[in-house]
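Asker: I'd like to ask you about the structure that follows.
Each reported figure results from applying straightforward, stated rules to the coordinates on display, with no laboratory input. No experiment lies behind these values; they were computed from the predicted model shown. With ideal geometry, Cβ positions are generated from the backbone for all residues, glycine too; neighbour counts draw on all protein chains shown.
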Amino acid sequence: GAGVSQTPSNKVTEKGKYVELRCDPISGHTALYWYRQSLGQGPEFLIYFQGTGAADDSGLPNDRFFAVRPEGSVSTLKIQRTERGDSAVYLCASSPGIVEQFFGPGTRLTVL
Amino acid sequence: AQTVTQSQPEMSVQEAETVTLSCTYDTSESDYYLFWYKQPPSRQMILVIRQEAYKQQNATENRFSVNFQKAAKSFSLKISDSQLGDAAMYFCAYRSRAQKLVFGQGTRLTINP
């Protein structure tokens, strides 16, 4: 069956630009998570959706980061005025609401 | 806040041998889950094994098993009969009622043929 997909696979942008990263969860999964993984580190939680609403956005580092899930399926992570420190792999995961989270392949963001 | 610590940045093992990866965590909660994830160069996090804190029996999945010591807040992963395909980054993770996963820093496992 289809897993979690993320697009684009890689994104290179210039400092100050706006970027959108997309996550398509496994069909029927109600919960969706975003994590950020810096080089050589473990993933760090950003935000969690239950359905259409953000149940926990405590991991968003600042107000340049925003995420939406308008129809309770696809989610978009939006980063305004990108900075070089935003360079990382952004991972998305979905869950049917029990225990396991199923991860996508991630989007590698490089801010020049 | 919960924290997860993996004190071994790198480990190596001979093919067919056994290796143990260490993980400790800190929490004040009594009900939680622990996981080991594998991350190959493809970046995709793959669930290896999970443990419910309320279960005393250690989880086992084929060649993978854990040693869960709740009082010591320790959760190590043992890989038996290591195979070349086991080479990857391994992350220990904690999940509480808050749903989000808290990850350790990872251990890079190398398998020597």
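Asker: Within the protein assembly as shown, what percent of beta bridges assigned by DSSP are antiparallel, to the nearest 5? Intermediate results must be reported in sequence, preceding the final value.
Answerer: Values: 67 of 76 bridges.
Here the antiparallel bridges make up roughly 90 percent for the protein assembly as shown.
Asker: Within straight cross-link reach of B:LYS73, meaning Cα distance under 15 Å, which aspartates and glutamates are found once same-chain residues fewer than 8 apart are removed?
Answerer: The qualifying aspartates and glutamates are B:ASP26, B:GLU29, B:ASP31, B:GLU52.
Asker: Taking each residue of B:100-106 in turn, how many C-beta atoms of other protein chains fall within 10 Å of its C-beta, and what is the average?
Answerer: Details: counts 13, 10, 4, 7, 2, 3, 5.
Averaged over the peptide's residues, the number is 6.
Asker: Would you tell me the mean number of C-beta atoms belonging to other protein chains that fall within 10 Å of each C-beta in A:43-51, as a whole number?
Answerer: On the way: counts 9, 4, 6, 1, 1, 4, 0, 1, 0.
That average works out to 3.
Asker: Using the count of nearby Cβ atoms within 10 Å as a rough guide to exposure, how do A:VAL68, B:VAL4 rank from fewest to most? Walk me through the numbers before you get to the answer.
Answerer: Numbers: A:VAL68 15, B:VAL4 22.
Going from least to most buried by this count: A:VAL68, B:VAL4.
Asker: For the pair B:ALA98 and A:GLU71, what calculated FRET efficiency results from E = 1/(1 + (r/R0)^6), where r is the Cβ-Cβ distance and R0 = 22 Å, to the nearest 0.05? The partial results should precede the final answer.
Answerer: Numbers: r = 25 Å, r/R0 = 1.13.
Efficiency, rounded to the nearest 0.05: 0.35.
Asker: Another question about this same structure. What does the charge add up to near B:PHE68, with Lys and Arg as +1, Asp and Glu as -1, over the other residues with Cβ less than 11 Å from its Cβ? Walk me through the numbers on the way to the answer.
Answerer: On the way: positive: B:ARG50, B:LYS55, B:LYS70, B:LYS73; negative: B:GLU52.
Neighbourhood net charge equals +3.
Asker: While we're looking at this one, here's another question. Looking at segment B:1-97, which trypsin sites (Lys or Arg not before Pro) are in a loop (DSSP not H, G, I, E or B) and have at most 12 other Cβ atoms within 10 Å?
Answerer: Numbers: sites: B:LYS38, B:ARG43, B:ARG50, B:LYS55, B:ARG63, B:LYS70, B:LYS73, B:LYS78, B:ARG95, B:ARG97; in loops: B:ARG43, B:LYS55, B:ARG63, B:LYS70, B:LYS73, B:ARG97.
Here the trypsin sites (Lys or Arg not before Pro) that fit, given the DSSP loop and packing criteria, are B:LYS55, B:ARG97.
Asker: Next question, about the same structure. Once you put a point 7 Å from the Cα of B:GLU29 and another 7 Å from the Cα of A:GLN50, both along the Cβ direction, what distance in nm separates them?
Answerer: Using points 7 Å along Cα→Cβ, the separation is 1.3 nm.
Asker: How big is the antiparallel share of DSSP beta bridges in chain B, given as a percent to the nearest 5?
Answerer: Working: 34 of 39 bridges.
Here the antiparallel bridges make up roughly 85 percent for chain B.
Asker: Give, as ranges by residue number, the residues of segment B:16-32 whose backbone N falls under 16 Å from the point 7 Å along Cα→Cβ of B:LYS73.
Answerer: Residues B:23-32 fall inside that zone.
Asker: Next question. Is there a simple number for the mean count of other chain Cβ atoms within 10 Å of the Cβ of residues in A:56-63, and what is it? Write out the running numbers ahead of the final one.
Answerer: Numbers: counts 3, 0, 2, 1, 0, 0, 0, 0.
If you average over the peptide's residues, the count of other-chain Cβ atoms is 1.
Asker: List the pairs from B:LYS38/B:LYS100; B:LYS55/B:LYS100; A:LYS17/B:LYS38 whose alpha-carbon separation is above 24 Å, in the order I gave them. Write out the running numbers ahead of the final one.
Answerer: Working: B:LYS38/B:LYS100 18 Å; B:LYS55/B:LYS100 21 Å; A:LYS17/B:LYS38 33 Å.
Long pairs (Cα-Cα over 24 Å): A:LYS17/B:LYS38.
Asker: Where the centroid of each part is defined by its Cα atoms, how far is segment B:1-35 from segment A:42-100 in Å?
Answerer: Using only Cα atoms, the two centres lie 25 Å from each other.
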